[in-house]
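Participant: Supplied in structure tokens, the structure appears directly below.
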Amino acid sequence: MRPRSSGALPVLGVLWAGALAVLGLWWYNTPVVSATTDWVTGAGRITGLLAGYSTAVVVLLMARVPVLERRIGSDRVARWHAMAGRYTISLIVAHTGLIVWGYAEQAGTGLVDQFLTVVLDFPDMIEAAIGTVLLVVIGLISAGAARRKLPYELWYYLHLLTYAAVFLAFWHQLSTGTEFLAVPAAQTAWYALYGTVTALMVWYRIITPVRLNLRHRLRVESVVEEGAGVTSVIMSGRDLDGMNAEAGQFFRWRFLAPGLRWTSNPYSLSATPRDDRLRITVKAAGGHSAALAALPAGTRVWAEGPYGALTAARRQRPRGEEGRRGTKVLLIAGGAGITPMRALFETIPAAPGDLTLLYRARRKEDLVLWDELRVIAARRQAKLFSAVNEPDGTRPQITAEGMARVLPDIAKHDVYLCGPPGLAEEFQAILREAGVPARRIHHESFEL
């Protein structure tokens, strides 16, 4: 089986083509721009059209469409969603200011008076104003500094208000937008765009999870303490092969127990998925993850997924070697990133001696699942290394030269990397310096 190529560039091409089409719509409907007010209102219309389009893109990237999640990678889709959200909020604010300014210049009124006129007198504008305020608030709480201070559960549910905000803001685009009033085909296309995005959202965020959970009926089988603050949750169910989960992927889990049933968190599979059992391993880092240690057997589990593209299918195959296994493999894990790496370490195809795992942790006590990794390494004749801090906290010196001494042919390896952002950036730089091509570095962050 040939490795799946990334669909990032084609998808980006389609998204940018849509933005150009939106600009073309404004150009088609604007015969001349002469006075200052024309420039200002024209800029307001352009930013409004782009804001409407990018809003649909933001929602699409929240829909968890499998072709995006698996071929591009959940973490990349999440980054695109965050970036598109920032662009959208900026465009909305610019659109609001420019339109009010342009209309105020045309009417010879003050900005405040014109703003009130637009909101109170124009069709569907009260709803649009409420939706705009919600979107801006959601954008602010999703900014890095604010996001880190909020509990994940609170941020998650506030983020869901995006759907209400988009619904409230949608209608004024058609009832007041010059381009849509003048070109009926554009209005039809806008309905089709938002209708398609809504259909994908309903199918993959509501219908698909309902079908999956009704079919597989997951329950907690047992909870195992793996170390200080680290717990494995083993789940059983029906026909779990039908979930099509692969080593390296994750689900969003909702445990239907008191205090947990309203929270959905992403955790990777930490063992090879079986037809009757799934396992996750979680380090206590908050209220939800800490509570998993006390889950009683028999607790119903609601799962969404599988998601993620950090699978064996990402491996590159040397050109002209269709019958060969492909390149050698190096797995690098840091912190909780060991969970998908442990599953891959057990299953990814590799000849004896062609598979290596490097596990970075602060202390030896933090090397979660180490005994399991040693057993797997012995069985597969794989190399297993750890890199931990000195007792005084001094970090180990990991360099491109050091990596090349351990793996002289490191440039011929496919490298899978999972861990905190700082670790990922550090190792990506080291690997590139060691000669590993970017196409062979497969990274997915567990901090989605």
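Participant: What distance in nm separates the simple spin-label points at LYS149 and VAL223, each placed 7 Å from Cα in the Cβ direction?
Facilitator: Rounded to a tenth, the inter-label distance reads 3.2 nm.
Participant: With +1 assigned to the C-beta of every Lys and Arg and -1 to the C-beta of every Asp and Glu, and no other charges, what is the dipole magnitude of the chain about the Cα centre in debye, to the nearest 20?
Facilitator: 1640 debye
Participant: Please enumerate, by chain and number, the lysines with C-alpha under 21 Å from the C-alpha of LYS412, excluding those fewer than 8 residues away in the same chain.
Facilitator: In chain and number order, the partners are LYS328, LYS383.
Participant: Note down the magnitude of the dipole of region 217-285 about its Cα centre, charges +1 on Lys and Arg C-beta and -1 on Asp and Glu C-beta and zero elsewhere, to the nearest 20 debye.
Facilitator: Dipole magnitude for region 217-285 comes out near 300 debye.
Participant: When the chain is modelled as a GNM with alpha-carbon springs shorter than 10 Å, which of ILE376, ILE99, ILE207 fluctuates the most?
Facilitator: ILE207
Participant: While we're on this one: Of the labelled options (1) 37, 33, 19; (2) 46, 25, 21; (3) 36, 29, 22, which one gives semi-axes √(5λ) of the Cα gyration tensor in Å as computed for this structure?
Facilitator: (2)
Participant: Now, a different point. Of the options THR37, GLN249, LEU140, report the single residue whose Cα projects farthest towards the positive end of the charge dipole of the chain (beta-carbon charges: Lys, Arg +1; Asp, Glu -1).
Facilitator: So the residue we want is GLN249.
Participant: Still on this structure, I have one more. Among 278-286, 143-151, what's the highest-first ranking by average C-beta atoms within 10 angstrom per residue?
Facilitator: Ranked by mean Cβ neighbours within 10 Å, highest first: 278-286, 143-151.
Participant: Let me ask something else. So how strong a dipole does region 8-212 carry about its Cα centre when Lys and Arg Cβ are +1 and Asp and Glu Cβ are -1, to the nearest 20 debye?
Facilitator: 1120 debye
Participant: Right, another one. I'd like the distance between the alpha-carbon centres of region 67-110 and region 243-290, rounded to an integer number of Å.
Facilitator: 34 Å
Participant: Now for a separate question. What angle, in degrees between 0 and 90 and rounded to the nearest 10, separates the Cα long axis of helix 36-60 from the longest principal axis of the Cα atoms of the chain?
Facilitator: So the helix axis and the longest Cα principal axis differ by about 30 degrees.
Participant: May I ask you to derive the relative contact order of region 40-156, considering only C-alpha pairs under 8 Å and at least 6 residues apart, and to give it as an integer percent?
Facilitator: Result for region 40-156 is 29 percent.
Participant: Taking θ as phi - 60°, what are the ³J(HN,Hα) couplings along region 108-121 by the Karplus curve (6.51, -1.76, 1.60), each to the nearest whole Hz, with x for Gly and Pro?
Facilitator: Whole-Hz 3J(HN,Hα) from phi for region 108-121: x, 10, x, 5, 5, 4, 5, 4, 5, 4, 4, 5, 8, 9.
Participant: Let me check against my output: what whole-number percent is the relative contact order of region 8-212, with C-alpha pairs under 8 Å and at least 6 apart?
Facilitator: 25 percent
Participant: Would you calculate, for the chain, the mean residue ellipticity at 222 nm contributed by helices, counting each DSSP H stretch of 4 or more residues as -39,500 (n - 2.57) and dividing by all residues, to the nearest 500?
Facilitator: Taking each H run of at least 4 residues, the total per residue is -16000 deg cm²/dmol.
Participant: Another one. Which whole-number percentage describes the relative contact order of the chain, with Cα contacts under 8 Å and a sequence gap of 6 or more?
Facilitator: In percent, rounded to a whole number, it is 13.
Participant: Right, another one. What residues have an amide H closer than 5 Å to that of HIS442, excluding those fewer than 5 places away on the same chain, when H is modeled at 1.01 Å from N in the peptide plane?
Facilitator: VAL415, TYR416, LEU417
Participant: With angles folded into 0 to 90 degrees, how steeply does helix 125-141 sit against the dominant principal axis of the chain? Use alpha carbons for both and round to 10.
Facilitator: Between the helix axis and the principal axis of the chain, the angle is about 30 degrees.
Participant: Could you check the spin-label model distance between ALA290 and THR208? Points 7 Å from the Cα along Cα→Cβ, value in nm.
Facilitator: For ALA290 paired with THR208, the spin-label model returns 3.4 nm.
Participant: Counting only residues 5 or more places away or on other chains, whose amide H sits under 5 Å from the amide H of THR311 once H atoms are built in the peptide plane?
Facilitator: Under 5 Å from the amide H of THR311 lies no amide H from a residue far enough along the sequence or on another chain.
Participant: Let me ask you something else. For a protection proxy built on the mean count of beta-carbon atoms within 10 angstrom, sort 303-315, 65-77, 381-393, 130-142 highest first, please.
Facilitator: 303-315, 65-77, 130-142, 381-393
Participant: Which whole-Hz couplings ³J(HN,Hα) result when phi for each residue of region 172-180 is put into the Karplus expression 6.51 cos²θ - 1.76 cosθ + 1.60, θ = phi - 60°, listed in order with x for Gly and Pro?
Facilitator: In residue order, the calculated couplings are 5, 4, 7, 7, 10, x, 4, 4, 7 Hz.
Participant: Further, regarding this structure: Of LEU295, GLN381, PRO340, which is farthest on the positive side of the dipole of region 275-399, counting Cα position, with +1 on Lys and Arg Cβ, -1 on Asp and Glu Cβ, and the Cα centre as origin?
Facilitator: The residue sitting most towards the positive pole is GLN381.
No lab work stands behind these numbers, since they all come straight from the coordinates. All figures in this text were calculated on a predicted structure; none of them were measured in a lab. Note that we place each Cβ from the backbone using ideal geometry, even for glycine, and neighbour counts take in every protein chain shown.
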